[in-house]
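Undergrad: One structure coming up, written as structure tokens, with questions to follow.
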Amino acid sequence: MKRSVFFISDRTGISAEIFGRALLSQFEHEIEFDEKTLPFIDTADKAAEARKMIEEAYQQSSDRPLVFDTIVNPDIRAIIHQSPALIMDFFQTFIGPLEKELKTASSFTVGRHHAYDRSGEYNNRIKAVNFALNSDDGASMKYFDDAEVILLGVSRCGKTPTSLYMAMQFGIFAANYPFVSDDMDKLTLPAELKKNKSKLFGLTIDPNRLHEIRTQRRANSQYASLQQCRLEVRLVEMLYKKENIPCLNTSSKSIEEIAVLILERCELERRTF
């Protein structure tokens, strides 16, 4: 069973994707979703084009498409709502009750969420992303003193995407350091890591899952072999235990889940934008 899904927004569409996918994740075991994001639908003409795409999807299937939208302008939103689809409108759902509770009308200003940044946190997020890129995979350990958290782990256990997600979503200055096959003969913490030991957080992963991931990247190699994956995971987990480094198994967790769990366990400030 397959259903067409549209995420529609007058901005980037990221919020519609996040909210919509959170809801769809409750049904993904039974249904396959064909997703399409339509950002910057901020004119009547663009809305009409979006409606046409939804109508075409409906004509190709006996099931109504699912539409998640975060369009602020009520006139543009009304065009989308003429579509033969199940519409889940986040602004219409929540703005009305908020207006009633706050006893004031919404400004219906596009991009207001970003304008709400009164303390420079948006700029801090950009700095955090640059920091994550500059210190990725231990590229430059000289930045580790400025890190709020330093993720450790074997190659392909989720360090880089988690560091970037924490930077983009929460403005966290996250560095990461990889343990590679050459380290396994005598696995120890480098001096820069020892100096910042209180910031260290380890990631681990099921060897079978690691084998699958590495095989997609470099099939039939020593790097991807199950034996090598088992060896690296075992030695790294022993190091975590020896050095008393908190750790998390990433095997069945999304990047979002990993990031939030790290924030909680490291007691880092959860910044929002």
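None of the figures in this text is laboratory data; all of them are computed from the coordinates on show. Remember, it's a predicted structure, so these values are computed and weren't measured experimentally. Cβ sites come from the backbone with ideal geometry, for glycine too, and all protein chains shown count toward neighbours.
Undergrad: Using the Karplus curve 6.51 cos²θ - 1.76 cosθ + 1.60 with θ = phi - 60°, what ³J(HN,Hα) values do you get for each residue of the stretch 157-164, in whole Hz, with x for Gly and Pro?
TA: Rounded to whole hertz, the list is 9, x, 5, 5, x, 5, 4, 5.
Undergrad: Compare 85, 105, 132 in a GNM of the chain, Cα atoms joined below 10 Å, and give the one with the largest fluctuation.
TA: In the Gaussian network model the winner is 105.
Undergrad: Enter the angle in degrees (range 0 to 90, nearest 10) between the Cα long axis of helix 44-59 and the first principal axis of the Cα atoms of the chain, meaning the one along which they spread out most.
TA: Helix 44-59 sits roughly 80 degrees off the main axis of the chain.
Undergrad: Here's a follow-up. To the nearest µm²/s, what D does Stokes-Einstein give for the chain at 20 °C and 1.002 mPa s, using the Kirkwood radius over alpha carbon pairs as Rh? Before the final figure, lay out each step's value.
TA: On the way: Rh = 21.4 Å.
Using the Kirkwood radius from Cα pairs, D works out to 100 µm²/s.
Undergrad: Given an 8 Å cut-off on Cα distances and at least 6 residues of separation, report the relative contact order of the chain as a percent. Kindly include the intermediate steps, with their values, before the conclusion.
TA: Values: 418 pairs, mean separation 40.0, N = 273.
Relative CO of the chain lands at 15 percent.
Undergrad: Skipping prolines and chain starts, which residues have an amide H placed within reach, meaning under 5 Å, of the one on residue 155, given they are 5 or more residues away or on another chain?
TA: For residue 155, the qualifying residues are 179.
Undergrad: Suppose each label sits 7 Å from its Cα in the direction of the beta carbon; what would the residue 49-residue 101 distance come out to in nanometres?
TA: The modelled label-to-label distance comes out at 3.7 nm.
Undergrad: Under the rule of at least 5 residues apart or a separate chain, name every residue whose amide H is placed under 5 Å from the amide H of residue 11.
TA: 40, 41
Undergrad: Apply the Karplus parameterisation 6.51 cos²θ - 1.76 cosθ + 1.60, with θ equal to phi minus 60°, to every residue of the stretch 178-188 and state each ³J(HN,Hα) to the nearest whole Hz, in sequence, with x for glycine and proline.
TA: x, 9, 9, 4, 5, 7, 6, 5, 9, 7, 9
Undergrad: Shifting gears a bit: Can you tell me which aspartates and glutamates have their Cα less than 13 Å from the Cα of residue 142? Leave out same-chain residues fewer than eight positions away.
TA: Within reach: 192.
Undergrad: Tilt of helix 255-266 relative to the longest C-alpha principal axis of the chain, in degrees (0 to 90, nearest 10)?
TA: 60 degrees
Undergrad: I would also like to ask the following. For residue 4, what residues show an amide H to amide H distance below 5 Å, using hydrogens built from the backbone and excluding near sequence neighbours?
TA: Amide H neighbours of residue 4: 34, 66.
Undergrad: Could you please rank 154, 260, 236, placing first whichever residue has the fewest other Cβ atoms within 10 Å of its Cβ?
TA: On the way: 154 27, 260 17, 236 24.
By the 10 Å Cβ count, ascending, the order reads 260, 236, 154.
Undergrad: Most fluctuating residue of 62, 140, 254 in a GNM of the chain with Cα springs under 10 Å: which is it?
TA: In the Gaussian network model the winner is 62.
Undergrad: Extending each Cα 7 Å along its Cβ direction at residue 218 and residue 90, get the distance between those two points in nm, one decimal.
TA: 3.9 nm
Undergrad: Between 207, 190, 178, which gets the highest mean-square fluctuation from a Gaussian network model of the chain, Cα cutoff 10 Å?
TA: Result: 190 has the largest fluctuation of those listed.
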